[in-house]
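The values are calculated or read from the model by the stated rules, or taken from the named source; none is laboratory data. Everything quoted here is computed from the prediction, not taken from an experiment. When we count neighbours, we look across all protein chains shown, and the Cβ atoms used for this are built from the backbone with ideal geometry, even at glycine. Just so you know, the surface numbers come from the protein's heavy atoms only, side chains and all, with ligands and any DNA or RNA stripped out. Shrake-Rupley method; radii C 1.70, N 1.55, O 1.52, S 1.80 Å.
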Amino acid sequence: MGLSGTLSASRRPTDGQLELARQVAAGGAKPDAAIRKVPASVYTDPDYWQREKRAIFDRLPQILCPTALVPEAGMAVPHDATGRPLLITRDGDGQAHVFLNVCRHRGTRLVEGNEVQCTKKLVCPYHAWTYAVDGRLLALPRSDSFPGLAKDEYGLVELPSLESGGLIWFSPQPDPDWTDARTIGADMDAFGTADHVLFRRKTHTVRGNWKLIMDAFLESYHVTRLHAKTIGPFFKDGVTSGDQVGPHSRSAVGRLEEMETVDLHDMAALRRVVTFAYQMLPGALIIPSPDYVNVMTMMPRSHDLTLVEDFMLIPEEPAPDSSGDKARDHWERSWALLDGGVFASEDFRAAELGQQGLASGAVEELTIGTLEGGVRRYHEIVEEALRAAN
């Protein structure tokens with residue numbers, strides 16, 4: 001935790017973050033006045049998932065990865081999990097791009113695999129058409145056999161994208177509104193996310209609906225119970241607050257430390273007593289711990305199967321000496337605790353058990369208590385998106 005204090009001492013929370021922290025300090029937001037109901041079918045109906053796919057995942061701007069995945073010029077990484085063959089690159093000027101990973105000649109997949117590549121040129125494996133990481137077609141063999149072909153018209157197909165606050169977004173539709181993404185980016189700047197480096201990256205296969213995963217991060221009712229053997233003992237039961245940034249939910253949960261003497265304007269101090277969480281639409285989660293940040297992107301494959309890619313970002317690379325070994329051990333233990341223990345073994349497992357139970361038909365409606373208002377609000381936002389698309 002000392003690293004966080006060193007690197008973020010001069011950072012200050014945004015107005016939105018500060019307001020949530022003040023609510024936590026005052027004992028948390030006022031809970032809902034009554035219980036609510038959510039139909040089980042929104043998790044189990046394949047047709048409902050297809051509506052969500054068309055209205056949300058095929059339309060709205062969404063986070064692909066953190067900046068830390070491709071931090072240097074001349075990097076490229078394929079990304080297939082959205083259902084589209086995407087290619088994320090960073091050009092020589094440092095600008096990130098999102099292309100379709102498809103050669104413009106005969107439609108061949110351009111870059112194979114899913115690992116980051118360091119290269120200035122992208123060469124098609126079929127006929128060796130060669131592209132720059134900024135998408136330009138540089139060369140093609142036997143250009144004389146393509147009389148009249150204008151290379152500047154055969155660059156890679158680029159999708160709208162935005163890099164803000166250490167996050168790379170893309171839009172499946174033209175002319176997106178990036179206003180909310182930039183607001184989220186300002187919050188990420190308060191955490192210093194753009195300056196972090198990638199420590200670990202893992203993709204989980206969760207046999208559950210994507211909203212069941214999201215639900216676990218939308219309320220604190222479960223924290224001291226589901227996480228009783230991991231992080232639960234560090235938090236106050238039910239002391240939470242939340243608001244909206246457009247369709248995205250932003251929340252804060254109180255830790256056990258008293259907050260009377262804490263300077264809430266000091267981000268490093270604030271992170272020791274309050275844990276923020278960002279629940280995005282479509283499915284992405286950002287969980288800043290006291291001294292590192294987890295970014296998770298959810299990529300549903302069906303109504304009951306979701307891929308979740310977890311990125312752990314740390315403030316700096318461990319030094320190549322004994323002090324670095326100590327820091328590396330700290331990060332390894334943190335990764336094992338959250339990715340393997342809290343997320344995979346508890347949150348994701350709870351989503352899978354929920355899917356199994358709901359699929360039985362035993363429960364027609366989920367009962368949402370007064371401490372689970374975030375779940376209710378998120379489902380209302382999903383419904384609004386479905387109506388807007390019709």
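Using the C-alpha gyration tensor of segment 4-113, what are the square roots of 5 times its eigenvalues, in whole angstrom, with the largest one first?
Details: eigenvalues 275, 167, 18 Å².
With the √(5λ) rule applied to segment 4-113, the semi-axes are 37, 29, 10 Å.
Helix-derived [θ] at 222 nm for the chain: sum -39500 (n - 2.57) over DSSP H runs of at least 4, divide by residue count, nearest 500? Provide the component values of the computation, followed by the final result.
Details: 11 runs with 101 residues, N = 390.
It comes out at -7500 deg cm²/dmol, rounded to the nearest 500.
Answer with one residue from Gly324, Leu256, Leu305: the one whose Cα lies farthest towards the positive end of the charge dipole of segment 256-328, charges on Cβ with Lys, Arg +1 and Asp, Glu -1.
Result: Leu305, furthest along the dipole toward the positive end.
Using a 1.4 angstrom probe on heavy atoms only, work out the carbon and sulfur share of the accessible area of the chain in %. Before the final figure, lay out each step's value.
Details: 8700 of 17300 Å².
Percent of accessible area from carbon and sulfur atoms in the chain: 50.
If the only charges are +1 at each Lys and Arg Cβ and -1 at each Asp and Glu Cβ, what is the size of the charge dipole of the chain around the Cα centre, to the nearest 20 debye?
700 debye
Return the loop-located trypsin sites (Lys or Arg not before Pro) in segment 92-187 (DSSP other than H, G, I, E, B) with at most 10 other Cβ atoms within 10 Å of their own Cβ; answer none if there are none.
Numbers: sites: Arg104, Arg106, Arg109, Lys120, Lys121, Arg136, Arg142, Lys151, Arg182; in loops: Arg104, Arg106, Lys120, Arg136, Arg142.
Loop-located and lightly packed - Arg106, Arg142.
Can you tell me the FRET efficiency between Asp243 and Glu72 if r is taken as the Cβ-Cβ distance and R0 is 30 Å, rounded to the nearest 0.05?
Details: r = 36 Å, r/R0 = 1.19.
Result of the calculation: an efficiency of 0.25.
Give Lys30/Lys211; Lys121/Lys326; Lys53/Lys120; Lys202/Lys229; Lys202/Lys326; Lys229/Lys326 a once-over and call out the pairs whose C-alpha atoms are over 27 Å from each other.
Numbers: Lys30/Lys211 24 Å; Lys121/Lys326 38 Å; Lys53/Lys120 35 Å; Lys202/Lys229 23 Å; Lys202/Lys326 23 Å; Lys229/Lys326 25 Å.
Too far apart for the 27 Å limit: Lys121/Lys326; Lys53/Lys120.
Using the reciprocal of the averaged 1/r over all distinct C-alpha pairs, how large is the Kirkwood radius of the chain in Å? Walk me through the intermediate numbers first.
Details: mean 1/r = 0.0450 Å⁻¹.
Its Kirkwood hydrodynamic radius stands at 22.2 Å.
Pick from Gly361, Gly166, Gly242 the residue whose mean-square fluctuation is largest in a GNM of the chain, springs joining Cα atoms under 10 Å.
Largest GNM mean-square fluctuation: Gly361.
By how many nm would the segment from Glu364 to Asp93 lengthen if fully extended, with 0.36 nm per residue of separation less the alpha-carbon distance? List each step's numbers first, then the result.
Working: separation 271, 0.36 × 271 = 97.56 nm, distance 5.42 nm.
The Glu364-Asp93 span can extend by a further 92.1 nm.
Only four residue types carry charge here, +1 at the Cβ of Lys and Arg and -1 at the Cβ of Asp and Glu. Report the dipole size of segment 222-281 about the Cα centre in Debye, rounded to the nearest 20. It would help to have the intermediate numbers written out before the result.
On the way: 7 positive and 7 negative charges, 73 e Å.
Result for segment 222-281 is approximately 360 debye, rounded to the nearest 20.
State, as an integer percentage, the relative contact order of the chain based on alpha-carbon contacts under 8 Å between residues 6 or more apart. Before the final figure, lay out each step's value.
Values: 776 pairs, mean separation 93.6, N = 390.
So the answer I get is 24 percent.
Rg/Rh for segment 139-247 to two decimals, with Rh computed the Kirkwood way over all alpha-carbon pairs. Walk me through the numbers on the way to the answer.
Working: Rg = 22.2 Å, Rh = 19.1 Å.
Rg/Rh: 1.17.
Please report Rg (one decimal) and Dmax (integer) in Å for the Cα set of segment 97-192.
So, for segment 97-192, Rg and Dmax equal 16.7, 54 Å respectively.
Charges at C-beta only: +1 for Lys and Arg, -1 for Asp and Glu. How large is the resulting dipole of segment 251-305 about its Cα centre, in Debye rounded to 20?
On the way: 4 positive and 7 negative charges, 67 e Å.
Magnitude of the dipole: close to 320 debye.
Where does the charge balance sit around His227 when Lys and Arg score +1, Asp and Glu -1, over other residues with C-beta under 15 Å from its C-beta? List each step's numbers first, then the result.
Details: positive: Arg225, Lys229, Lys236, Arg255, Arg349; negative: Asp215, Glu219, Asp237, Asp339, Glu346, Asp347.
Within the 15 Å Cβ shell, the charges total -1.
In nm, give the distance between the simple-model label positions of Ala228 and Val123, each being 7 Å from the Cα along the Cα-to-Cβ direction.
6.0 nm
Provide the per residue accessible area, probe 1.4 Å, for the chain, rounded to a whole number of square angstrom. Each step should come with its number before you reach the end.
Working: 17300 Å² over 390 residues.
About 44 Å² of surface per residue is accessible.
Determine, from the Cβ-Cβ distance of Asn390 and Glu257 and an R0 of 35 Å, the FRET efficiency 1/(1 + (r/R0)^6), rounded to the nearest 0.05. Walk me through the numbers on the way to the answer.
Numbers: r = 47 Å, r/R0 = 1.35.
With R0 = 35 Å, the Cβ-Cβ based efficiency is 0.15.
Are there trypsin sites (Lys or Arg not before Pro) in segment 224-310 that DSSP puts in a loop and that have at most 15 other Cβ atoms within 10 Å, and which ones? Don't skip to the end; give the middle numbers.
Values: sites: Arg225, Lys229, Lys236, Arg250, Arg255, Arg271, Arg272, Arg301; in loops: Lys229.
Sites meeting the loop and neighbour criteria: Lys229.
State the answer as a single residue: which of Gly166, Leu270, Phe348 lies farthest towards the positive end of the charge dipole of the chain, with beta carbon charges of +1 for Lys and Arg and -1 for Asp and Glu, about the Cα centre.
So the residue we want is Phe348.
When averaged across all projection directions, what area in nm² does the alpha-carbon convex hull of segment 210-359 cover?
Numbers: hull surface 41.3 nm².
Result: a mean projected hull area of 10.3 nm².
Among Asn101, Gly16, Gln117, flag the residue with its Cα farthest along the positive direction of the charge dipole of the chain, charges on Cβ as +1 for Lys/Arg and -1 for Asp/Glu.
Going by the charge dipole, the pick is Asn101.
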